[in-house]
Amino acid sequence: MTAAAIPLHGRLRPSDVGRVASIGLRTRKLRAGLSALGIAIGVAAIVAVLGLSSSSSAGLLAEISRLGTNLLTVQPGTTVFGKNAELPTGAPAMIARIGPVTSIEDTGNVNVNAYRNPYIPTIQTNALSVQAASLGLLADLRTSVAQGVYLNPATAREPAAVLGPAAAQRLGIEGVYQGERIWLDKQWFYVIGILNPATLAPNIDSSILVGFPAAQHYLGFDGHPTTIYVRAQTNQVNAVHGVLAATANPENPNEVNVSQPSAALVARADAQSAFNGLFLGLGAVALLVGAVGVANIMVISVLERRSEIGLRRALGATKGHIRIQFLSEAILLALAGGTVGVTLGILSTAVYATTKHWAIVIPTIAWTGGIAAALIIGAIAGLLPALRAARMSPTEAFPV
Amino acid sequence: MTSAAAPLAAGRFSPDNQAHPTSGGTRPVLEVDHVTKVYPSQPPVTALQDVSFTVTGGELLAIVGPSGSGKSTLLHLMGTLDRPSAGHVRITGVDVASLSDRDLAALRATRIGFVFQQFFLAEHQTVVDNVADGLLYASVPLTQRRARALQALELVGLAERPWARPTQLSGGQRQRVAIARALVGQPAIVLADEPTGNLDQTTGGSILTLFDQLHHQKVTIAVITHDQTIAARMPRRIEMLDGRIVADTTDPGPGEPDGHGQPAPPGQQP
Ligand SMILES: Nc1ncnc2c1ncn2[C@@H]1O[C@H](COP(=O)(O)OP(=O)(O)O)[C@@H](O)[C@H]1O
Ligand SMILES: [Mg+2]
């Protein structure tokens with residue numbers, strides 16, 4: 001007999017591979033679901049961590065663009081002898097003469113402590129600072145009052161105080177009520193307002209703000225500004241940055257620190273992934289457990305389906321056909337888990353980002369990576385069981 | 001014997017003449033040639049000892065013997081699921097020993113049909129898809145597999161319920177589905193291992209009647225059984241004992257007293 005009499009090798013079409021690979025999933029749904037759960041959880045954790053960190057940096061970047069990147073702060077540094085330097089009292093007026101500067105506000109440290117009432121021991125300062133503040137400060141910092149009102153030309157001369165949110169909390173003041181007052185250096189100041197957080201100037205949050213005239217009149221303030229907030233035209237920020245020190249203190253420009261608060265926020269947005277490592281690690285552990293689960297179920301499946309394997313060999317399946325069937329089944333199982341995981345990860349990101357008013361950002365790498373990880377895990381977990389199924393002798397499958 | 005080629009080709013499910021050119025009634029579809037099978041267990045078991053016989057196209061035969069006589073071993077060798085320790089097995093003239101595992105799989109996919117005592121049907125699939133799976137590994141597209149499955153179902157008298165699940169069928173109907181699956185690829189030989197073993201006597205009888213009908217359509221069938229009364233119904237009986245053939249008897253055919261002829265199917269006589 002000639003070689004021509006040997007029939008051609010059969011090939012499984014992709015659709016047929018899909019049909020045979022899905023038998024396990026279709027006939028044992030609960031088991032398939034449970035074994036894919038580990039992978040679903042792992043992928044969900046990874047997608048959610050990546051999604052949440054992207055969404056939160058998107059939120060932070062949106063916040064930064066709302067706050068503007070054109071704010072510069074001028075603060076006194078140290079003298080060459082290591083002493084704390086001072087800004088000249090005329091510094092704000094001189095800075096105001098720089099062309100591209102659009103607004104200028106300032107605060108000055110008042111060297112007194114603040115208490116809820118006169119009976120609090122003086123050492124319990126609560127790390128609060130009292131600051132003289134200019135009247136346009138809130139607009140410059142893009143923040144606002146949460147309750148009550150801010151200082152105006154009239155109240156700036158009175159013993160009236162506006163509290164940063166942290167300061168209010170530490171003093172135990174929850175709201176602005178008629179006659180609410182605090183004890184500043186042996187005298188009462190009336191609380192007229194509580195601020196919202198000032199993201200660009202976090203030190204304001206733990207400050208008690210009073211008017212410049214009141215600070216000088218009641219609290220012995222020397223009139224030296226300690227922070228000058230400068231808004232410049234956005235395209236001129238660097239130029240203004242370069243001349244600020246010399247303008248603020250022409251005699252000792254090296255005793256002046258100039259900074260751009262938004263730069264720190266941008267850095268924070270970029271560093272948003274700092275806490276991700278731990279959660280990604282947990283996700284990876286869940287994926288590993290999921291892989292073991294899939295491998296386990298595949299091993300059992302191969303043992304249980306001996307007669308199916310034998311039948312397929314009798315119907316003309318090659319070892320390769322058996323191998324691809326069980327390998328694809330494992331991959332399909334893992335992919336199902338991966339798809340559920342990606343969906344869960346995206347959903348949880350969406351829910352959390354919505355409550356935080358962030359834009360929902362799912363990086364492409366998160367969901368493609370999740371699916372790819374599932375695929376690879378399925379292939380690895382299914383490889384040994386598939387090889388084992390293919391190695392089974394066709395006669396082994398039939399009870400004789 | 002050339003005249004015998006005409007009824008052969010006429011049968012819808014007779015083996016394909018083109019694929020293996022030996023023609024006519026003398027064409028051997030299966031040759032078992034001095035075959036010995038020794039299982040390498042401790043101690044080694046000689047399950048078959050120098051077994052030889054030839055099955056010709058269109059034959060219906062029983063391989064009969066008590067438990068342990070080597071029937072299952074012989075079935076595995078005839079079905080190319082296992083290889084002999086010595087001797088040769090040839091399917092449609094192709095020596096199994098010369099073929100790789102892939103070649104053997106292709107041979108099974110196209111030239112051998114199996115029927116098992118336990119049916120081995122997939123419960124999640126419809127009847128027609130179970131039958132169509134007989135062509136799954138023969139590179140036939142799904143629509144064509146289904147079309148041919150419907151024809152095969154007609155042949156076993158189950159054409160009315162192709163979309164039923166095997167669980168909705170009786171045992172006899174399930175075995176008919178399994179027989180249709182074995183037939184769908186138009187194999188050179190159908191190997192049936194205790195096909196009535198899981199059925200009651202009446203139902204088993206109807207399966208044997210089906211084999212008779214298929215025999216008249218020139219389908220080659222070897223029935224492996226321990227049951228002498230089943231074997232007695234077959235035109236040819238190979239009797240096994242302790243791994244050897246003790247008798248190989250063929251009833252004389254109606255038209256050809258030597259028993260090796262090919263009687264024309266009754267329906268096709270002019
Ligand atoms: N895989 C095997 N390993 C060792 N011995 C076997 C194996 N399969 C069958 N045998 C032995 O071979 C002999 C023939 O068995 P078998 O072919 O199953 O006969 P039957 O099907 O007629 O009962 C028995 O003695 C049996 O114990
Ligand atoms: Mg047996």
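The values are calculated or read from the model by the stated rules, or taken from the named source; none is laboratory data. Quick caveat: nothing in here was measured; it's all calculated off a predicted structure. Glycine also receives a Cβ, built like all others from the backbone with ideal geometry; neighbour counts cover every protein chain displayed.
Filtering B:Gly93, B:Gly113, B:Gly68 for residues that are closer than 30 Å to B:Thr209 by Cβ and away from ligand 2 (no atom under 16 Å from the Cβ) leaves a single hit, B:Gly113.
Residue-by-condition table, conditions (1) touching a helix residue (DSSP H, G or I) at 6+ places or on another chain (Cβ under 6 Å); (2) more than 14 Å from chain B (Cβ to nearest Cβ); (3) of a type in the set (A, V, I, L, M):
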{"residue": "A:Val299", "(1), (2), (3)": "yes, yes, yes"}
{"residue": "A:Gly345", "(1), (2), (3)": "yes, yes, no"}
{"residue": "A:Thr354", "(1), (2), (3)": "no, yes, no"}
{"residue": "A:Thr364", "(1), (2), (3)": "no, yes, no"}
{"residue": "A:Gly370", "(1), (2), (3)": "yes, yes, no"}
{"residue": "A:Ala389", "(1), (2), (3)": "yes, yes, yes"}
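Could you check the range B:36-80 and list, in sequence order, the residues that are among the β-branched types (Val, Ile, Thr) and more than 21 Å from B:Arg236 (Cβ to Cβ)? Outline the logic, then answer.
Narrowing the range B:36-80 to residues among the β-branched types (Val, Ile, Thr): B:36, B:38, B:45-46, B:51, B:54-56, B:63-64, B:73, B:80.
Of everything in the range B:36-80, those that are among the β-branched types (Val, Ile, Thr) and more than 21 Å from B:Arg236 (Cβ to Cβ) turn out to be B:Thr36, B:Val38, B:Val45, B:Thr46, B:Thr80.
Annotation: A:Glu396 fulfils all but one of (1) under 42 Å from the mean Cα position of the chain (by Cα); (2) within 16 Å of ligand 2 (Cβ to nearest atom); the unmet one is (1).
Listed residues B:Asp50, B:Asp95, B:Asp103, B:Asp33; which is within 14 Å of chain A (Cβ to nearest Cβ) and over 23 Å from A:Leu311 (Cα atoms)? Let's see the steps before the verdict.
Numbers: B:Asp50 fails: within 14 Å of chain A (Cβ to nearest Cβ); B:Asp95 fails: over 23 Å from A:Leu311 (Cα atoms); B:Asp103 fails: over 23 Å from A:Leu311 (Cα atoms).
Among B:Asp50, B:Asp95, B:Asp103, B:Asp33, only B:Asp33 is within 14 Å of chain A (Cβ to nearest Cβ) and over 23 Å from A:Leu311 (Cα atoms).
Answer with yes or no whether B:Arg181 is over 30 Å from B:Leu136 (Cα atoms), more than 16 Å from ligand 2 (Cβ to nearest atom) and modelled with pLDDT of 95 or more.
Judged against the criteria, B:Arg181 is not a match.
Residue pairs whose Cβ atoms lie under 6 Å apart, sitting 6 or more positions apart in sequence or on different chains, and linking a residue in the range A:48-75 that is within 12 Å of A:Ser262 (Cα to Cα) to a partner that is surrounded by fewer than 23 Cβ atoms within 10 Å (Cβ to Cβ) and of a type in the set (Lys, Arg), are A:Leu67/A:Arg142; A:Asn70/A:Arg231; A:Leu71/A:Arg231.
Looking at B:Leu199, B:Leu183, B:Leu214, which is the one that is surrounded by fewer than 23 Cβ atoms within 10 Å (Cβ to Cβ), within 27 Å of B:Ala138 (Cβ to Cβ) and not polar (S, T, N, Q)? Quick ask: steps written out before the conclusion?
Numbers: B:Leu199 fails: within 27 Å of B:Ala138 (Cβ to Cβ); B:Leu183 fails: surrounded by fewer than 23 Cβ atoms within 10 Å (Cβ to Cβ).
None of the others qualify; the one that does is B:Leu214.
Just checking, does the range B:118-126 include any residue being within 30 Å of B:Pro166 (Cα to Cα), more than 19 Å from the chain's Cα centre (by Cα) and more than 11 Å from every other protein chain (Cβ to nearest Cβ)? Yes, because at least one residue in the range B:118-126 is within 30 Å of B:Pro166 (Cα to Cα), more than 19 Å from the chain's Cα centre (by Cα) and more than 11 Å from every other protein chain (Cβ to nearest Cβ).
On the given criteria, is A:Asp185 buried (at least 19 other Cβ atoms within 10 Å of the Cβ) and charged (D, E, K, R)? Taking the combined requirement at face value, the residue does not satisfy it.
Residues in the range A:25-62 that are over 18 Å from A:Phe279 (Cβ atoms) and crowded, with 24+ Cβ neighbours inside 10 Å were compared, and the one that is farthest from the chain's Cα centre (by Cα) is A:Ser35.
Search the range A:147-171 for residues being small (Gly, Ala, Ser) and either within 16 Å of A:Tyr218 (Cα to Cα) or under 30 Å from the mean Cα position of the chain (by Cα) (or both), and hand back the single one that is surrounded by the fewest Cβ atoms within 10 Å (Cβ to Cβ). Steps first, answer last, please.
Taking the range A:147-171 as the starting set, the residues that turn out to be small (Gly, Ala, Ser) are A:148, A:154, A:156, A:160-161, A:164, A:166-168.
With either within 16 Å of A:Tyr218 (Cα to Cα) or under 30 Å from the mean Cα position of the chain (by Cα) (or both) added as a condition, the list becomes A:154, A:156, A:160-161, A:164, A:166-168.
Numbers: A:Ala154: 9, A:Ala156: 20, A:Ala160: 22, A:Ala161: 27, A:Gly164: 26, A:Ala166: 19, A:Ala167: 26, A:Ala168: 25.
It comes out as A:Ala154.
Filter the range B:131-147 down to the residues that are away from every other protein chain (no Cβ under 13 Å) and either buried (at least 21 other Cβ atoms within 10 Å of the Cβ) or in a loop (DSSP other than H, G, I, E, B) (or both) and list them by number. First the steps, then the outcome.
Of the range B:131-147, the ones away from every other protein chain (no Cβ under 13 Å) are B:147.
Of everything in the range B:131-147, nothing turns out to be away from every other protein chain (no Cβ under 13 Å) and either buried (at least 21 other Cβ atoms within 10 Å of the Cβ) or in a loop (DSSP other than H, G, I, E, B) (or both).
Pairs are defined by a Cβ separation below 7 Å, a sequence spacing of at least 6 or placement on different chains, a first member in the range B:60-74 that is of a type in the set (D, E, K, R), and a second member that is surrounded by 23 or more Cβ atoms within 10 Å (Cβ to Cβ); the pairs so defined are B:Lys71/B:Ile63; B:Lys71/B:Gly65; B:Lys71/B:Ile224; B:Lys71/B:Met240. What do you reckon, is B:Thr229 over 21 Å from B:Thr92 (Cβ atoms) and either within 16 Å of ligand 2 (Cβ to nearest atom) or of a type outside the set (Asp, Glu) (or both)? Spelling it out, B:Thr229 is indeed over 21 Å from B:Thr92 (Cβ atoms) and either within 16 Å of ligand 2 (Cβ to nearest atom) or of a type outside the set (Asp, Glu) (or both). Note on the range A:269-283: among residues that are aliphatic (A, V, I, L, M) and surrounded by fewer than 14 Cβ atoms within 10 Å (Cβ to Cβ), the one that is modelled with the lowest pLDDT is A:Ala274.
Among the residues of the range B:79-92, those that are within 11 Å of chain A (Cβ to nearest Cβ), not aliphatic (A, V, I, L, M) and not in a strand (DSSP E or B) comprise B:Gly79, B:Thr80, B:Asp82, B:Arg83, B:Thr92.
Kindly check whether there is at least one residue in the range B:219-228 that is assigned to a helix (DSSP H, G or I), more than 16 Å from ligand 1 (Cβ to nearest atom) and modelled with pLDDT of 95 or more.
Start the filter on the range B:219-228 by keeping residues that are assigned to a helix (DSSP H, G or I), which leaves B:228.
Those left that are additionally more than 16 Å from ligand 1 (Cβ to nearest atom): none.
Looking for residues that are assigned to a helix (DSSP H, G or I), more than 16 Å from ligand 1 (Cβ to nearest atom) and modelled with pLDDT of 95 or more, one finds none in the range B:219-228, hence no.
What residue, of B:Glu59, B:Glu123, is more than 16 Å from ligand 2 (Cβ to nearest atom) and surrounded by fewer than 24 Cβ atoms within 10 Å (Cβ to Cβ)? The match here is B:Glu123.
Okay, residues lined up against (1) part of a loop (DSSP other than H, G, I, E, B); (2) at pLDDT 85 or above:
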| residue | (1), (2) |
| --- | --- |
| A:Leu87 | yes, no |
| A:Met94 | no, no |
| A:Gly99 | yes, no |
| A:Ile104 | no, yes |
| A:Ile120 | yes, no |
| A:Gln124 | yes, no |
| A:Ala127 | yes, no |
| A:Ala132 | no, yes |
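Of the set (1) more than 30 Å from A:Ala317 (Cβ to Cβ); (2) within 14 Å of chain B (Cβ to nearest Cβ), all apply to A:Ala45 but (2). Residue under question is A:Gly179, and the condition is that it be within 38 Å of the chain's Cα centre (by Cα) and within 16 Å of A:Gly148 (Cα to Cα); does it hold? Considered against the rule, which asks whether it is within 38 Å of the chain's Cα centre (by Cα) and within 16 Å of A:Gly148 (Cα to Cα), A:Gly179 comes out as no. Would you call B:Arg174 outside any loop (DSSP other than H, G, I, E, B) and out of contact with any Cys (no Cβ under 7 Å at 6 or more places or on another chain)? Answer is yes for this residue.
Reported count of residues in the range A:134-164, each being in a helix (DSSP H, G or I) and more than 21 Å from A:Thr227 (Cα to Cα), is 1. Among residues of the range B:231-260 that are at negative phi and modelled with pLDDT of 90 or more, those with a beta-carbon under 8 Å from a residue that is part of a helix (DSSP H, G or I) and small (Gly, Ala, Ser) at least six positions away or on a different chain give the pairs B:Arg237/B:Ala231; B:Glu239/B:Ala231.
Applying the criterion of being touching a residue at least 24 places away in the same chain (Cβ under 8 Å) and in a loop (DSSP other than H, G, I, E, B) to the residues of the range B:34-59, the residue that is farthest from B:His215 (Cα to Cα) is B:Gly57. Across the range A:371-400, the qualifying residues are those that are under 23 Å from A:Gly345 (Cα atoms) and touching a Ser or Thr at 6+ places or on another chain (Cβ under 9 Å), and the one among them that is surrounded by the fewest Cβ atoms within 10 Å (Cβ to Cβ) is A:Ile371.
Assess whether A:Ala32 counts as being under 30 Å from A:Ile300 (Cβ atoms) and outside the structural domain of A:Val237 (by TED's automatic domain parsing). Step through it out loud before you land on a result.
Working: under 30 Å from A:Ile300 (Cβ atoms): yes; outside the structural domain of A:Val237 (by TED's automatic domain parsing): yes.
Yes; evaluated as a whole, the condition is true for this residue.
Considered as a group, the residues in the range A:99-134 that are surrounded by fewer than 17 Cβ atoms within 10 Å (Cβ to Cβ) and farther than 23 Å from A:Ile173 by Cα include one that is farthest from the chain's Cα centre (by Cα), and that residue is A:Gly99.
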